[in-house]
Amino acid sequence: MIDLAWTTRIALRALRVNKMRSALTMLGIIIGVGAVVAMLAIGTGASKQISAQIASMGSNLIMVLPGSSTSGGVRMGGGTQMTLTFDDARAIEGCPSVSDVAPVHNGTAQIVYGNVNWSTQVQGTTPAMLNVRDWPISAGRSFTEDDVRSATKVALIGQTIVDNLFGAIDPVDQIIRIKKIPFRVVGVLHAKGQSPGGLDQDDTILVPITTAQKKLFGTSFPGMVRIIMVKARDANALETAEPEIRGLLRQRHRLTLRQEDDFTIRNLTQMMQVTEQSSRVMTLLLGAIASVSLVVGGIGIMNIMLVSVTERTREIGIRMAIGAKTWDIRLQFILEATILSLAGGIIGIILGVAGSLVLSLAAGWTTSVSPLAATLAFVFSGFVGVFFGFYPAYKASLLNPIDALRYE
Amino acid sequence: MNLIEVIGISKVYNMGEVDLRALDNVSATVERGDFVSIMGPSGSGKSTFMNILGCLDSPTEGRYFLEGVDVGQLSRDQLAGIRNKKIGFVFQGFNLLSRTPALENVELPMLYDGVAANMRREKALAALKIVGLEGREHHHPNQLSGGQQQRVAIARAIVNQAPILMADEPTGNLDTKTSIEIMELFQRLNGEAGITIILVTHESDIARFSKRTLRFLDGRLVSDEVRG
């Protein structure tokens with residue numbers, strides 16, 4: 001077998017002789033690899049952002065909303081009819097595919113701490129909410145089932161509330177007034193950031209649902225709730241949880257077969273997964289379009305290698321005369337093509353990474369260069385070199401030694 | 001066993017409607033240690049004959065035995081192996097790799113023979129010393145005179161200890177004084193190292209250095225004289 005270090009040196013020497021030509025040939029690969037890396041970075045960044053939003057919402061999440069009411073033939077929007085009860089929520093906990101259930105009774109209220117005030121969403125719920133939404137506590141503690149039973153005036157506040165009302169003060173055990181009623185802050189919710197819909201999820205206060213019903217947002221239907229949030233056991237249970245809940249609620253609400261549901265079930269996670277999938281398809285598409293330019297770069301390499309073989313016919317003849325075998329000649333030219341494409345690949349990766357950084361800084365897009373994508377682009381560029389270098393190398397190796405030696 | 005034995009070889013080029021017989025039924029033998037010059041006017045088939053002997057070209061008819069091996073039966077890569085180990089070539093136009101130092105030019109045949117790097121260097125330096133190019137190892141061909149370039153080519157031809165050296169008009173591009181020096185180098189390699197030399201020339205002054213002369217005319221071998 002031929003000495004690879006030596007052959008590499010010869011190949012580098014040959015490439016150095018035509019610096020401009022080598023650089024231009026490489027440019028095709030540089031653009032191709034750079035485009036693939038940058039496109040994948042943009043696509044992966046978008047998917048990651050969506051995944052993060054899904055995670056912030058809470059995984060395997062199902063929302064049950066009350067149905068619409070009909071008034072004189074006019075159907076009102078979803079949630080206009082109070083058909084869900086606290087007891088419905090308790091019953092859903094019994095479904096085999098369900099792990100946690102949190103009923104919500106919410107409203108907007110003015111909060112006052114000292115001389116600062118702020119208007120926000122107050123959600124009456126149970127401690128199960130923290131599990132349903134995968135929402136840890138960053139300071140203090142949660143309220144308890146006991147607090148729910150006895151309608152205690154305690155509150156868990158989101159990070160935005162902390163920032164707006166307390167500034168640098170530790171909010172735990174401070175007293176805030178919600179609709180002029182004093183509540184003790186028992187804990188602070190971990191910051192979640194934006195919801196997939198673009199809302200600030202940290203601009204909220206959680207209080208026991210009973211407290212909300214009795215003291216804050218009094219209702220003429222005691223025991224009614226606005227939303228029931230359900231967490232399925234796992235991703236597979238998500239499929240079965242929906243019919244289970246539907247069956248259970250239809251039975252509890254005594255609906256006959258001909259009657260429509262008086263509630264709506266929304267599988268939020270599934271909806272988000274569809275979005276995520278479409279962004280993944282988008283990534284693949286971007287990558288595929290970019291790899292077309294990589295193939296075009298490969299054709300450029302082949303073109304130049306064919307020219308090079310013709311120019312160096314005499315050199316090939318000399319090498320054959322002194323004993324170069326078929327594969328010695330082939331390897332030499334394949335190696336030259338591969339060095340061109342791999343060097344182009346490395347520069348392309350650097351430019352692709354730099355380009356996606358510039359995009360994320362200048363345009364504010366989330367980009368993410370995965371090492372796997374970079375490695376793949378590198379390996380693929382090497383493959384392009386071998387593939388498009390083979391034909392010129394093959395042609396060179398078929399030359400007749402005596403004709404090659406006499407070539408002028 | 002003769003080193004080289006050709007029996008009734010012909011080389012026919014098909015030029016459209018007419019066939020051109022570059023070599024016509026040539027038979028000859030060369031023994032180990034001989035120094036043969038091949039003479040004839042241009043177009044007489046002497047170069048074709050040498051190319052066939054050098055396994056660079058194959059005859060249309062006839063058989064060629066090199067050290068008893070029927071060369072006609074060998075594959076392309078086996079022929080490359082023979083050119084690598086058994087035959088060294090020296091050409092009129094030197095045929096060195098440009099942009100490549102003398103030392104690396106000489107190392108080239110060993111590269112294709114899989115010789116280790118340090119061994120290659122050692123043997124290449126020794127070969128360059130034999131042809132009298134000590135101190136010029138790192139010069140590129142364009143920094144050397146014609147005579148020096150031809151010495152590099154000779155070093156490349158002998159570095160693999162090939163038993164045969166074939167030279168096609170090796171002095172064609174050189175002045176008289178340098179030509180004589182090169183021919184004396186061939187005589188020394190033939191006499192001291194016992195290398196069999198086959199040399200194509202059209203100058204009788206050059207052929208004078210050989211032990212035996214084969215003359216070609218119109219593709220035929222017309223005379224075979226041994227010098228006294």
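The values are calculated or read from the model by the stated rules, or taken from the named source; none is laboratory data. All figures in this text were calculated on a predicted structure; none of them were measured in a lab. No Cβ is skipped: glycine too gets one built from the backbone with ideal geometry, and neighbour counts run over all protein chains shown. With ligands, DNA and RNA removed, areas are computed over all heavy atoms of the protein, side chains included. Shrake-Rupley method; radii C 1.70, N 1.55, O 1.52, S 1.80 Å.
Data for the structure
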item: Strands (runs of 3 or more DSSP E) lying entirely in segment B:2-115 (those with 3 or more residues that are hydrophobic (A, V, I, L, M, F, W, C) and touching a Lys or Arg at 6+ places or on another chain (Cβ under 8 Å)); result: B:4-15, B:18-30, B:35-39
item: Candidate set from segment A:1-29 (those that are open to solvent by 70 Å² or more (accessible area, probe 1.4 Å) and within 8 Å of chain B (Cβ to nearest Cβ)); member that is nearest to B:Pro109 (Cα to Cα); result: A:Met1
item: Some residue of segment A:286-294 being of a type outside the set (A, V, I, L, M) and either open to solvent by 20 Å² or more (accessible area, probe 1.4 Å) or closer than 30 Å to B:Ala155 by Cα (or both); result: yes
item: Criterion: in contact with a strand residue (DSSP E or B) (Cβ under 7 Å, 6 or more places away or on another chain), part of a strand (DSSP E or B) and open to solvent by 10 Å² or more (accessible area, probe 1.4 Å) - qualifying residue of A:Val101, A:Val185, A:Val122, A:Val112; result: A:Val112
item: Test result for A:Leu351, open to solvent by 50 Å² or more (accessible area, probe 1.4 Å), in a helix (DSSP H, G or I) and in the same structural domain as A:Thr8 (by TED's automatic domain parsing); result: yes
item: Filter result for A:Leu257 (aliphatic (A, V, I, L, M), within 33 Å of the chain's Cα centre (by Cα) and exposed (fewer than 14 other Cβ atoms within 10 Å of the Cβ)); result: no
item: Residue list for segment A:326-341, filter: surrounded by fewer than 22 Cβ atoms within 10 Å (Cβ to Cβ) and either out of contact with any helix residue (DSSP H, G or I) (no Cβ under 9 Å at 6 or more places or on another chain) or closer than 19 Å to A:Arg9 by Cα (or both); result: A:Trp327, A:Asp328, A:Arg330, A:Leu331, A:Ile339
item: Selection status of A:Ser368, touching a residue at least 12 places away in the same chain (Cβ under 8 Å), more than 14 Å from chain B (Cβ to nearest Cβ) and open to solvent by less than 40 Å² (accessible area, probe 1.4 Å); result: yes
item: Subset of segment B:74-96 that is facing chain A (nearest Cβ under 7 Å) and surrounded by 21 or more Cβ atoms within 10 Å (Cβ to Cβ) - its residue that is farthest from B:Phe186 (Cα to Cα); result: B:Ala80
item: Of all residues in segment A:80-98 being in a helix (DSSP H, G or I) and touching a residue at least 24 places away in the same chain (Cβ under 8 Å), the one that is surrounded by the fewest Cβ atoms within 10 Å (Cβ to Cβ); result: A:Asp87
item: Any hit, segment A:391-400, residues being surrounded by fewer than 17 Cβ atoms within 10 Å (Cβ to Cβ) and not in a helix (DSSP H, G or I); result: yes
item: Selection status of B:Gln150, more than 8 Å from chain A (Cβ to nearest Cβ), buried (at least 18 other Cβ atoms within 10 Å of the Cβ) and assigned to a helix (DSSP H, G or I); result: yes
item: A:Thr219 being closer than 16 Å to A:Ala102 by Cβ, over 34 Å from the mean Cα position of the chain (by Cα) and not acidic (Asp, Glu); result: no
item: Residue list for segment B:210-228, filter: surrounded by fewer than 21 Cβ atoms within 10 Å (Cβ to Cβ) and assigned to a loop (DSSP other than H, G, I, E, B); result: B:Lys211, B:Asp218, B:Arg227, B:Gly228
item: Neighbours by Cβ (under 8 Å, 6+ apart or cross-chain): first from segment A:315-339, more than 7 Å from chain B (Cβ to nearest Cβ) and closer than 17 Å to A:Pro401 by Cα; second among the polar types (S, T, N, Q) and not in a helix (DSSP H, G or I); result: A:Gly317/B:Asn95
item: Segment A:219-252 - residue that is small (Gly, Ala, Ser) and free of Cβ contacts under 8 Å to residues at least 24 places away in the same chain and, of those, farthest from A:Val132 (Cα to Cα); result: A:Ser220
item: Residues satisfying the stated conditions in segment A:125-142, i.e. under 14 Å from A:Ala232 (Cα atoms), touching a strand residue (DSSP E or B) at 6+ places or on another chain (Cβ under 6 Å) and open to solvent by less than 30 Å² (accessible area, probe 1.4 Å); result: A:Ala128, A:Met129, A:Val132
item: Subset of segment B:56-73 (residues that are open to solvent by 40 Å² or more (accessible area, probe 1.4 Å) and either of a type in the set (S, T, N, Q) or within 11 Å of chain A (Cβ to nearest Cβ) (or both)); result: B:Ser58, B:Thr60, B:Gln73
item: Sole exception among (1) out of contact with any Leu (no Cβ under 8 Å at 6 or more places or on another chain); (2) under 21 Å from B:Leu217 (Cα atoms); (3) open to solvent by 60 Å² or more (accessible area, probe 1.4 Å) for B:Asn51, by number; result: (3)
item: Selection status of A:Leu255, at pLDDT below 90 and of a type outside the set (Lys, Arg); result: yes
